[in-house]
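Only one structure is covered here, and it is reproduced in the block below.
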There are 2 protein chains.
Amino acid sequence: MSVKIIDLKANVMDDNNILAENTRKRLKAEKTFLLNLMSAPGSGKTTTLSALIPLLKDKFRIGVMEADIDSDVDAVRIKEAGAESIQLHTGGMCHLDADMTTQGLDSFDSASFDLVILENVGNLVCPAEFDTGASKNAMILSVPEGDDKPLKYPLMFQVADVVVINKTDFAPYFDFDIEKAKKNIHMRHPDIEIIPICAKTGEGVDKLAAWIEKEIIEWKK
Amino acid sequence: MSVKIIDLKANVMDDNNILAENTRKRLKAEKTFLLNLMSAPGSGKTTTLSALIPLLKDKFRIGVMEADIDSDVDAVRIKEAGAESIQLHTGGMCHLDADMTTQGLDSFDSASFDLVILENVGNLVCPAEFDTGASKNAMILSVPEGDDKPLKYPLMFQVADVVVINKTDFAPYFDFDIEKAKKNIHMRHPDIEIIPICAKTGEGVDKLAAWIEKEIIEWKK
């Protein structure tokens, strides 16, 4: 007996990839750089943005799209840091896809910004699977999570264009070996840029700002 | 024009719920208590189990099923703590469902254990959506993640039967207010038991062991 097998997941992924490519073309035409920021829950995405925005806001028009299953605590904090922000409620979804991202960009007038940052759902698995249409992907690994995370969540480290190691001031207390973390990250993604920061004190955030600035200038060419 | 709409997700969920109920009946008949342990990446699931197993292994036959997208670092650590363990590779899946759990139980001879612990994929979203067939659900919230996590990941705190707050020794350094965390957790799940621990020093782990012992005795009645 032969049955027709429909690979639903592959179709969903194909549709998403097409939409993501279209979103990237639109953003390129608008000269708007979209950074997709991913991490586990509580790695410090919002705190990092709060430290980052003051370093960039005089050079670039910045908008932030905050994805959250529920609540709006993050969008309020971003407004306080000096960027425009909207909250995207995912209604229980574990990730953002290209369609949800486009809805956010539409409601937000993306062409009026040089830099839009998408704060993805806190999750090291699903967001890595779905291309949002972003210009570049950034991910944050925080010290208390452990230096072994690249071994356990390989795809996230493969799709990232830059890895930020946050809460570095706690490295001695959590037996987190930065060199070992770098080795594990490079095993998944050779030559990827790794930027250690402490978002709370601001240490290293200037290096992340410089990386983003370089990428924005490249994108606008 | 009328089209037939098939709600795929609802069907998947219904099938999973039926299988999960069957798994629970089987475990009840076998007098095997299955604890589904969930948390964000790096919250200390394996470290907690390493501290917990020595307190329970003389009273109960313990097996641990370690779910991981890749790698076997956790299964090795659990063996060192003195429990039998197997590694379930999820192949990129963001959660375990009842079918994967049953496959693990089958390959493991679940009837030969009093307590089987399922260490779920590190993720605060997807594992909460899928009933694994476990007797009870436990989740770990670690201090560096922040006391606001129940606001952002409501379902996880609703499906949990006990919340363990880990890395309590770091509370002063992370502005983590334990009373505020408890209030946020109880907002999502009134009256749920909350057990603060420090898995690394072992502080409070005896209270978690006592909770599990009470639940095993109840399950075997």
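What follows draws every value from the coordinates through simple rules; no lab data is involved. The shown structure was predicted, so the numbers you read here are calculated from the model rather than taken from an experiment. Virtual Cβ from ideal backbone geometry, glycine too; neighbours counted across all protein chains shown.
The antiparallel fraction among DSSP beta bridges confined to chain A stands at about 5%.
Under a 5 Å amide H cut-off, with hydrogens placed 1.01 Å from N, B:Val164 pairs with B:Met139, B:Ile140, B:Leu141, B:Ile195 among residues at least 5 apart or on other chains.
What number comes out for the charge environment of A:Ser110, summing +1 per Lys or Arg and -1 per Asp or Glu over other residues with Cβ under 9 Å away? Can you show the working numbers first?
Working: positive: A:Arg26; negative: A:Glu30, A:Asp106, A:Asp109.
Local charge sum for A:Ser110: -2.
Each Lys or Arg adds one and each Asp or Glu subtracts one; over the other residues with Cβ under 10 Å from the Cβ of A:Met38, this totals 0.
In this simple spin-label model, placing a label point 7 Å from the Cα along the Cα-to-Cβ direction at both A:Lys79 and A:Ser112 gives a separation of 1.5 nm.
Taking the centroid of alpha carbons for each part, region B:189-204 and region B:29-108 are 19 Å apart. Over chain A, DSSP H runs of length four or greater, each weighted -39,500 (n - 2.57), average out per residue to a 222 nm ellipticity of -12500 deg cm²/dmol. Chain A comes nearest to the axis taking it onto chain B at the Cβ of one residue; that residue and its distance, in whole Å, are A:Pro144, 2. The mean number of partner chain beta-carbon atoms within 10 angstrom of a residue's beta-carbon across peptide A:143-156 is 5. Modelled label positions at B:Ala29 and A:Glu218, each set 7 Å beyond Cα in the direction of Cβ, lie 6.0 nm from each other.
The DSSP beta bridges internal to the protein assembly as shown are antiparallel in roughly 5% of cases. Across the copies of the chain, A:Glu80 has label points (7 Å from Cα along Cα→Cβ) spaced 4.1 nm apart, shortest distance listed first.
Close amide-amide hydrogen proximity is noted between A:Leu88 and A:Glu66, A:Ala67, A:Asp68, each under 5 Å apart and 5 or more residues distant or on a separate chain (H modeled in the peptide plane; Pro and chain starts excluded). Estimated from the Cβ-Cβ distance and a Förster radius of 56 angstrom, the FRET efficiency linking A:His186 and B:Ile18 is about 0.80. Remark: A:Thr132, B:Thr201 ranked as B:Thr201, A:Thr132, counting other beta-carbon atoms within 10 Å and listing the fewest first. Along each principal axis, taking the top coordinate minus the bottom one, the Cα set of region A:105-191 gives 45, 24, 22 Å in descending order. Backbone phi angles across region A:127-132, fed through the Karplus curve with coefficients 6.51, -1.76 and 1.60 (θ = phi - 60°), yield HN-Hα couplings of x, 5, 7, 10, 5, 8 Hz in residue order; Gly and Pro are listed as x. The other copies place their A:Gly202 label points at 4.5 nm from this one, listed shortest first, where each point is 7 Å from Cα along Cα→Cβ.
Do any cysteines in chain A lack another Cys Cβ under 4.7 Å, and if so which? Flagged as lacking a Cys partner: A:Cys198.
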